[in-house]
Amino acid sequence: MSLQTRQQVARAVKAVENKKADDVVILEMDQASGAFTDYFIVCSGTNPRQIQAVSDEVQKELAQEGQHPTSVEGYKQAEWVLLDYVDFVVHIFSEQARKFYDLERLWKSASRLKPSDLSKKPAAKAPAAKKVGAKQAVGKARKPVRKKTKRSASKRTARGAKKSGIGSRTGARPKPKAKGKRKSR
């Protein structure tokens, strides 16, 4: 999550806003979430031409900087255009597709940023708290250990009967296996 990446994301957001995309959201992905990128830019267009125009503007703006997407998906259909720049991904949705896929809910662990937040340096994250060992944990209640108990004789016989087929719903006993040799014909 370098400063250079943040500047590129800011340029992409500027391009999206220049083409009047609706409801622009910037998501900074949490490293613990298993995300494959650092940022998502999510926005909506009102019609296929606007969606393609937003996509074209983002590519044009970043091409001036020498940045080209590694992958462009959905441009012809213009329902959900995805521009993958590795460190960030631009999602341009139709209004219906955005409601259906709801990426903001799917990636709710990500923090939402404003365009003004991108000009600031990324905040250093505090180190994770140390785990407290069992000996150090004071005042924490432990779960009671469940003791194994012997089954009563009635439960054991009921289970044994179930396995052997005795007492089944039909009331019929299984046929005993034939012992000895088979008769030849």
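Read-outs: derived from the displayed coordinates by stated rules, not from any lab. In this text the structure is predicted, and so the values were computed from the model without any measurement. So basically every Cβ, Gly included, is an ideal-geometry build from the backbone, and we count neighbours across all protein chains shown.
So, in region 66-96, of the ones that are at negative phi and touching a Gly at 6+ places or on another chain (Cβ under 9 Å), which residue ends up surrounded by the fewest Cβ atoms within 10 Å (Cβ to Cβ)? Before the answer, list the steps.
Initially, region 66-96 is screened for residues at negative phi, giving 67-73, 75-77, 79-85, 87-96.
Those still in the list that are touching a Gly at 6+ places or on another chain (Cβ under 9 Å) too: 80-82, 92-95.
Numbers: Trp80: 18, Val81: 26, Leu82: 16, Ile92: 29, Phe93: 26, Ser94: 20, Glu95: 13.
Checked region 66-96; the qualifying residue surrounded by the fewest Cβ atoms within 10 Å (Cβ to Cβ) is Glu95.
Just one of Ala53, Ala10, Ala63 is over 22 Å from Arg105 (Cα atoms), of a type outside the set (Asp, Glu) and touching a residue at least 40 places away in the same chain (Cβ under 8 Å); which is it?
Details: Ala53 fails: touching a residue at least 40 places away in the same chain (Cβ under 8 Å); Ala63 fails: touching a residue at least 40 places away in the same chain (Cβ under 8 Å).
Exactly one residue qualifies, and that residue is Ala10.
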Inside region 1-51, can you point out the residues that are polar (S, T, N, Q) and surrounded by 18 or more Cβ atoms within 10 Å (Cβ to Cβ)? Thr5, Gln8, Ser44, Gln50
Kindly evaluate Ser44 against the criterion of being over 19 Å from the mean Cα position of the chain (by Cα), small (Gly, Ala, Ser), under 17 Å from Asn18 (Cβ atoms) and part of a strand (DSSP E or B). yes
